[in-house]
1. How many of the residues making up the range 96-114 are within 17 Å of the chain's Cα centre (by Cα) and more than 21 Å from residue 19 (Cβ to Cβ)?
2. Suppose we filter the range 5-14 for residues that are surrounded by 14 or more Cβ atoms within 10 Å (Cβ to Cβ) and over 11 Å from the mean Cα position of the chain (by Cα); how many remain?
């Protein structure tokens with residue numbers, strides 16, 4: 001079965017190193033929480049709000065051991081007036097036998113506000 005794993009994080013500043021570090025932290029959390037192997041991942045799609053443009057969050061994926069051949073893409077998040085600022089979102093498409101409720105979506109920093117129902121704080 002193909003399933004999506006979602007996640008999001010925020011950065012304090014539009015700085016390349018922080019963008020990559022936070023995106024890596026997010027991806028690492030998704031990998032650990034869901035026991036992922038690169039061979040089971042079909043694609044990874046990152047989006048970022050328009051106030052994040054110093055570098056590509058997708059660069060973080062290349063820091064994960066064994067993920068060299070996983071397709072990855074970045075795009076700009078739509079601008080919503082009440083939307084969360086300096087936010088990076090990710091959708092990881094995986095082949096898994098897990099049921100939807102077994103998937104662990106990961107939200108860090110200010111992004112926990114986006115889906116409190118899917119984070120530990122929202123349990």
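1. First pass over the range 96-114, keeping only residues within 17 Å of the chain's Cα centre (by Cα): 103-114.
Subsequent filtering for residues that are more than 21 Å from residue 19 (Cβ to Cβ) retains 103-104.
So the answer is 2.
2. Pass one, the range 5-14, residues surrounded by 14 or more Cβ atoms within 10 Å (Cβ to Cβ): 5-11, 14.
So of that shortlist, the ones also over 11 Å from the mean Cα position of the chain (by Cα) come out as 11, 14.
Summing the residues that are surrounded by 14 or more Cβ atoms within 10 Å (Cβ to Cβ) and over 11 Å from the mean Cα position of the chain (by Cα) in the range 5-14 gives 2.
Read-outs: derived from the displayed coordinates by stated rules, not from any lab. Not measured: the values here are computed from a predicted model. Note that each Cβ is placed from the backbone with ideal geometry, even for glycine, and that neighbours are counted across all protein chains shown.
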